Structures are given as C-alpha cells and as structure tokens.
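The values are calculated or read from the model by the stated rules, or taken from the named source; none is laboratory data. Computed from a predicted structure; not experimentally measured. Here the Cβ positions follow ideal geometry from the backbone for every residue, glycine too, while neighbour counts run over all protein chains shown. In case anyone asks, the SASA skips ligands and DNA or RNA and just uses the protein heavy atoms, side chains included. Shrake-Rupley method; radii C 1.70, N 1.55, O 1.52, S 1.80 Å.
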Amino acid sequence: MIDYYWFSLLILVNAIILFALTANVSRMRIKLGISVGDGGNSDMLYAIRAQCNGVEQVPMYCLLVLALTLSGGSEKFLAALTLSFSAARIFHAYGMLGRSFLFRRIGAGLTYLLQVLAMVFLAAKLVT
C-alpha cells in the first residue's frame with residue numbers, strides 16, 4: 001500500500017501558508033480600502049505577489065511529489081522534498097513581506113532547485 005504521509009503533509013503545510021498569505025491580502029485590502037489591484041500601494045503589491053507566487057509554484061510541485069509518491073519514491077527523499085520545499089516557501093513569503101531580499105532569494109532559489117530535482121528524479125523513474 002502506498003503511504004501518502006509526506007504528500008499529505010506537503011499539501012497541509014502549504015495550504016496553511018497560502019491561506020495565511022491570502023488572509024493577509026484580505027486584511028490589507030480592508031485596512032487600506034483597496035478593493036481591486038494594489039491601489040499604487042507598495043505594501044499591497046508585495047502582499048499580492050507573495051500570495052500569487054505561492055499559487056504559481058505550489059500546485060505543480062505538489063503534483064510532482066504525488067507522482068513520485070505513486071511511483072514508489074523513498075520515504076527519506078519524499079520527506080526531504082516536503083520539508084525543504086515548505087521551508088523554501090516560508091523563506092520566500094518572509095522575504096517578500098519583510099522585504100528581505102536575501103530570504104526572498106533563498107526561498108526562490110530553493111523552490112527552483114527542488115522543482116528541478118523532483119523533475120529529474122521523476123524522469124529517472126519513468127525511464128527505468
């Protein structure tokens with residue numbers, strides 16, 4: 001039987017992160033009285049981009065981890081992918097919202113690296 005623990009944890013943690021980012025955008029919209037767009041407010045723009053970047057990156061990565069799970073990826077590898085990606089998304093969000101370019105760069109770099117790593121391992125599984 002396939003164990004979906006790491007995939008489920010990946011979904012849960014990143015759903016929480018995305019929920020928090022979405023709630024932050026809503027909170028800022030109410031606070032600033034901006035119903036659509038960023039209203040020319042840089043804080044609003046950063047909040048929107050932090051949320052949107054997660055929406056752009058998380059779904060495909062989750063599908064890659066699901067495919068690796070279904071194809072019998074090792075528990076240790078799935079754990080590393082899950083924990084590292086979730087940390088990367090937290091770093092990126094913190095970097096965007098706290099305006100720390102270093103954290104943003106680390107988060108984005110790890111996100112890209114882990115996506116490529118997952119794709120390479122999935123491709124290797126498909127050709128063997």
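Among the residues making up region 72-96, those that are more than 15 Å from the chain's Cα centre (by Cα) and open to solvent by 50 Å² or more (accessible area, probe 1.4 Å) are 72, 74, 75, 76. Within this structure, residue 99 fails the test of being of a type in the set (Lys, Arg) and either at pLDDT 95 or above or within 14 Å of the chain's Cα centre (by Cα) (or both). Of all residue pairs spaced 6 or more apart or on separate chains, those with beta-carbon atoms under 9 Å, a first member in region 106-119 that is under 11 Å from residue 57 (Cα atoms) and at pLDDT 95 or above and a second member that is open to solvent by 60 Å² or more (accessible area, probe 1.4 Å) and of a type outside the set (D, E, K, R) are 108/91; 111/91; 115/60. Across region 40-70, the number of residues qualifying as open to solvent by 40 Å² or more (accessible area, probe 1.4 Å) and under 17 Å from residue 116 (Cα atoms) comes to 5.
When 35, 26 are checked against the criterion of being more than 24 Å from residue 98 (Cβ to Cβ) and either hydroxyl-bearing (Ser, Thr, Tyr) or open to solvent by 70 Å² or more (accessible area, probe 1.4 Å) (or both), 35 stands alone in meeting it.
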